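Contents: one structure, followed by commentary.
What follows draws every value from the coordinates through simple rules; no lab data is involved. Remember, it's a predicted structure, so these values are computed and weren't measured experimentally. Glycine also receives a Cβ, built like all others from the backbone with ideal geometry; neighbour counts cover every protein chain displayed.
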Amino acid sequence: MESSDFAARRESMIDDQVRGRGITSPRVVDALRHVRRERFVPRELREFAYEDTGLPITAGQTITRPWIVAMMIDALDLTGGERVLEVGTGSGYAAAVLARIAERVYSVERIAELAGLAGRALKDEGVDNVEIRVGDGSRGWPEAAPFDAILVAAAAPAVPEPLKRQLAVGGRLVMPLGEDEEVQELVCVTRLTEDTYDSRDLADVSFVPLLGEEDRQPAGPRRRRVSWRQDLEPDRRLADRIAANAERFDSADDLPLERLLSRIGDRRIVLLGEASHGTSEFYRARQRITQALIEEKGFDFVAIEGDWPDAARVDHYVRHADYPASEWTAFARFPTWMWRNEEVRGFVDWLHEHNAALDPERRVAFHGLDLYSLYNSIRAVLDYLDDVDPAVAEVARERYGCLVPFQSDPATYARAALHPDYETCEEPVLAMLRDLHARHREYAEHDGERFLDAMQNARLIANAEEYYRTMFYGSRSAWNMRDTHMFETLEHLLRHHGEGSRCVVWAHNSHVGDSEATDMSRRGEFNIGRLCRARFGDQVYSVGFGTDSGTVAAASNWDSPLEIKDVRPSLHDSYEHLCHETGLAAFLLPMGAGADADLRRDLLADRLERAIGVIYRPDSERQSHYFHATLPRQFDEYVWFDRTRAVRPLASESLGGMPDTYPFGV
């Protein structure tokens with residue numbers, strides 16, 4: 001391949017994998033642009049140098065994915081002129097990128113053969129400010145200390161003490177932590193004083209273990225996991241058992257509901273999942289189940305993994321509200337297809353018609369639980385206060401004005417908030433929430449529903465400010481913040497709709513299944529499903545969904561265009577493959593109380609489970625979309641579709657002639 005071809009691939013890698021994941025530091029991007037990654041991988045693999053994957057190198061090691069290298073170096077916040085320690089030279093690629101920014105890089109590699117190859121590659125590329133030694137990386141490089149930054153490309157249960165001591169005051173250390181190769185957290189440690197350190201999480205990662213004298217700690221217990229090579233024949237028998245216990249059906253439109261409704265019984269909260277945000281069968285099955293719960297069991301509201309003000313626009317329409325609708329179009333921001341599709345439209349139209357014959361107080365509501373609508377929520381609060389209390393509206397404008405400079409890209413607020421001298425917007429938005437709460441009695445007596453909407457938008461603003469402010473502290477803190485917000489919103493709605501009110505929640509499997517039954521719990525993450533179980537106990541019934549193959553509506557990166565992608569057949573050691581082996585097109589599988597005890601026991605071994613969100617990357621599917629889970633502990637019931645197809649995004653021409661109140665209008 002000609003060098004110009006590699007240059008084009010390098011630019012594409014920077015645009016799609018690095019900038020596409022929010023890493024925009026000019027120094028990091030410039031360094032990546034000038035380092036030829038193809039020169040640091042084996043010759044026979046050079047054509048794959050810029051793929052979004054790790055690649056094998058000498059001595060059974062792996063060169064890290066490009067964007068992970070970029071994220072680690074970005075977190076070091078180098079400005080030029082620093083002395084940097086790298087632990088784990090590997091191929092030499094990360095050292096070459098560091099060398100483009102720092103004054104000098106000291107790199108320790110325990111494998112002599114790798115150190116030699118990396119040294120030659122760096123020399124061939126004209127890099128002369130990297131020094132490599134063979135040794136125990138956990139002990140650092142004492143005679144060259146202190147270091148302004150330390151990058152460690154191997155995982156340990158804790159940061160080795162010698163590395164902490166060799167970090168200069170004010171310096172940063174980036175390193176993966178975790179005892180399990182499959183459950184690690186990339187952390188950034190800052191040395192504040194001689195004796196104090198601050199740590200924040202960056203992302204979930206998977207690195208080889210750091211081998212050395214300073215990192216020896218006993219490993220924790222590991223759960224038994226299925227290996228398809230060892231368990232292939234037992235899996236065949238288990239698939240037959242699943243088929244014998246499954247309640248079969250042909251399509252989402254003829255889902256058998258009678259026994260499912262009986263199993264749900266009088267539970268107050270029904271959590272309906274999905275294995276992707278872009279699969280038609282999942283949406284249609286949820287619609288069928290929800291319609292039955294509303295018609296036969298009198299459920300009071302539906303709550304979705306969607307933004308509050310957008311769902312409020314839908315709620316206004318389905319409940320035939322007599323106050324003016326919000327001006328914006330519902331679900332018009334990325335990912336538009338998640339809720340703005342023909343499948344959801346069908347349910348919304350049905351609910352509008354269903355409610356038409358009911359008294360206003362008995363109409364079924366439609367609410368959003370999510371917090372991404374920061375600026376629509378600000379607008380909604382201001383519009384409400386302009387109507388009911390213009391003086392307070394002016395106070396709100398001043399307080400929320402702190403967030404206005406970041407409205408086009410809230411993630412930039414997160415970056416600004418990382419700076420120790422930046423005065424965040426936390427206090428102004430919390431003050432506004434307190435003021436609204438103090439005026440509860442005064443405002444609510446005019447219109448309780450509109451006050452609920454304003455109050456929830458104010459809560460959303462406060463929680464979204466915290467979410468964006470903490471998003472660069474890592475996936476765990478951001479995830480937990482978001483799911484806590486969604487759960488607390490659900491609690492507020494249950495109180496608002498009255499004692500004994502009942503709800504259906506539509507959200508991804510990763511939100512509604514019990515996180516204690518998945519890898520999430522070992523990362524310190526929790527979700528709506530876990531919080532609901534803890535708060536409401538056996539009043540909760542959760543239903544998961546899965547598929548083997550077909551098509552899905554998804555993007556390749558955040559804010560990228562919608563694509564209809566092929567879903568790859570499931571991996572052999574997954575629950576999905578086990579269900580595929582039944583040979584059934586579709587079925588319900590009860591796994592809760594009353595289910596076949598022997599089958600439930602045999603399903604308890606950890607297996608892989610697939611999760612596709614609004615982004616789907618088939619080429620790195622194992623790393624990007626699979627996690628370990630224990631299905632019978634995660635869900636009470638599982639809905640299986642062997643082959644599925646993508647949702648149908650709403651076409652503008654199909655909306656002609658609809659009333660002004662129609663939430664999906666153009």
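Provide the net charge surrounding Gln287, with neighbours chosen by a C-beta distance below 14 Å and charges set as Lys +1, Arg +1, Asp -1, Glu -1.
Working: positive: Arg284, Arg286, Arg288, Arg345, Arg648; negative: Asp253, Asp254, Glu274, Glu281, Glu295, Glu342, Glu343, Asp349, Glu353.
It works out to a net charge of -4.
In nm, to one decimal, how far is the modelled label at Val395 from the one at Ala651, with both set 7 Å along Cα→Cβ?
5.2 nm
Find how much the distance from Glu423 to Asp240 grows on full extension, using 0.36 nm per residue of separation minus their present alpha carbon separation; answer in nm with one decimal. Numbers along the way, then the final one.
Working: separation 183, 0.36 × 183 = 65.88 nm, distance 6.10 nm.
59.8 nm is the gain from fully extending Glu423 to Asp240.
What are the ³J(HN,Hα) values, in whole Hz, obtained from phi via the Karplus relation 6.51 cos²θ - 1.76 cosθ + 1.60 with θ = phi - 60°, for each residue of the range 568-573 in sequence order, with x given for Gly and Pro?
Values, residue by residue: 5, x, 5, 5, 4, 8 Hz.
For Arg27 and Asp266, FRET efficiency with R0 = 45 Å and r from the beta-carbon atoms, rounded to 0.05? Could you put the intermediate results ahead of the total?
Details: r = 60 Å, r/R0 = 1.34.
Here the calculated transfer efficiency is 0.15.
Report, in deg cm²/dmol and to the nearest 500, the calculated mean residue ellipticity at 222 nm for the chain, where each DSSP H run with n ≥ 4 adds -39500 (n - 2.57) and the sum is divided by the residue count. List each step's numbers first, then the result.
Details: 24 runs with 257 residues, N = 666.
When only DSSP H runs of four or more count, the value is -11500 deg cm²/dmol.
Name every cysteine in the chain that ends up alone, with no second cysteine's Cβ under 4.7 Å, or say none.
Cys188, Cys503, Cys532, Cys579
Can you tell me the mean projection area, over all orientations, of the convex hull of the range 431-533's alpha carbons? Units nm², please. Walk me through the intermediate numbers first.
Working: hull surface 30.3 nm².
For the Cα atoms of the range 431-533, the hull's average projected area reads 7.6 nm².
With Cβ to Cβ distances under 13 Å as the rule, what net charge do the other residues near Glu194 carry (K, R +1; D, E -1)? Please list the in-between numbers first.
On the way: positive: Lys164, Arg165, Arg191; negative: Asp195.
Around Glu194, the surrounding residues sum to +2.
Quick one: net charge around Leu460, please, counting Lys, Arg +1 and Asp, Glu -1 for every other residue with C-beta under 13 Å from its C-beta.
On the way: positive: Arg379, Arg459, Arg482; negative: Asp307, Asp310, Asp370, Asp453, Glu465, Glu466, Glu488.
That works out to -4.
Which of the aspartates and glutamates could a cross-linker span from Lys297 if the Cα-Cα distance has to be under 15 Å and same-chain partners fewer than 8 positions apart are dropped?
The reachable aspartates and glutamates, counting only those whose Cα sits under 15 Å from Lys297, are Glu258, Asp266.
Hey, with R₀ at 51 Å, roughly what FRET efficiency would Asp359 and Asp250 work out to, going by the Cβ-Cβ distance, to 0.05?
Numbers: r = 38 Å, r/R0 = 0.74.
FRET efficiency, Asp359 to Asp250: 0.85.
With each pseudo-label sitting 7 Å past Cα toward Cβ, what's the Asp619-Lys123 distance in nm, one decimal?
3.3 nm
Say the dipole of the range 255-369 comes from +1 at the beta carbon of Lys and Arg and -1 at that of Asp and Glu; which of His354, His320, Ser276 then lies farthest toward its positive end?
Result: Ser276.
Measure off 7 Å from each Cα along the Cα-to-Cβ vector at Ala158 and Glu258, then give the distance between these two points in nanometres to one decimal.
6.1 nm
For all pairs of alpha-carbon atoms in the range 248-287, what percent lies in each bin of width 5 Å, listed from the first bin to the last filled one?
5, 20, 25, 26, 18, 6, 0
Apply the Karplus curve 6.51 cos²θ - 1.76 cosθ + 1.60, θ = phi - 60°, to the phi angles in the range 161-173 and return the couplings in whole Hz, x for Gly and Pro.
Listing the rounded values in order: 4, x, 5, 5, 5, 7, 7, 5, 4, x, x, 10, 10 Hz.
Which cross-chain or sequence-distant (5 or more) residues have an amide H under 5 Å from the amide H of Asp370, H modelled 1.01 Å from N in plane?
Gly306, Asp307, Trp308
Which parts of the range 262-304 would a label at Asp349 reach, counting a residue when its backbone N lies under 16 Å from a point 7 Å out along Cα-to-Cβ?
284, 287-288
For the chain, what is the percent of antiparallel DSSP beta bridges, rounded to the nearest 5? Don't jump to the answer; show the numbers that get you there.
Numbers: 36 of 83 bridges.
Close to 45 percent.
Tell me the volume per residue, in Å³, of the convex hull enclosing the alpha carbons of the chain. Walk me through the numbers before you get to the answer.
On the way: hull volume 112.4 nm³, N = 666.
Convex hull volume per residue, Cα atoms: 169 Å³.
Can you compute the FRET efficiency between Ala431 and Glu11 using 1/(1 + (r/R0)^6), with r the Cβ-Cβ distance and R0 = 51 Å? Round to the nearest 0.05. Can you show the working numbers first?
Numbers: r = 46 Å, r/R0 = 0.90.
For Ala431 and Glu11, the calculated efficiency is 0.65.
Only residues of the range 360-390 count here: report those whose backbone N is under 17 Å from the spot 7 Å along Cα→Cβ of His320, or say none.
Correct set: 360-366.
Multiply the residue separation of Ala112 and Ser521 by 0.36 nm, subtract the distance between their alpha-carbon atoms, and state the gained length in nm to one decimal. Let's see the in-between values first.
Working: separation 409, 0.36 × 409 = 147.24 nm, distance 3.81 nm.
Gain in length upon complete extension: 143.4 nm.
Taking the Cα centre of the chain as origin, work out the dipole magnitude from +1 charges on Lys and Arg Cβ and -1 charges on Asp and Glu Cβ, in debye rounded to 20. Mind showing how you got there, number by number?
Working: 81 positive and 114 negative charges, 262 e Å.
Using only the charged Cβ atoms, the result is roughly 1260 debye.
Multiplying the sequence separation of Ser4 and Arg633 by 0.36 nm and subtracting their Cα-Cα distance, what value in nm do you get?
On the way: separation 629, 0.36 × 629 = 226.44 nm, distance 5.25 nm.
Full extension of this stretch gives 221.2 nm more.
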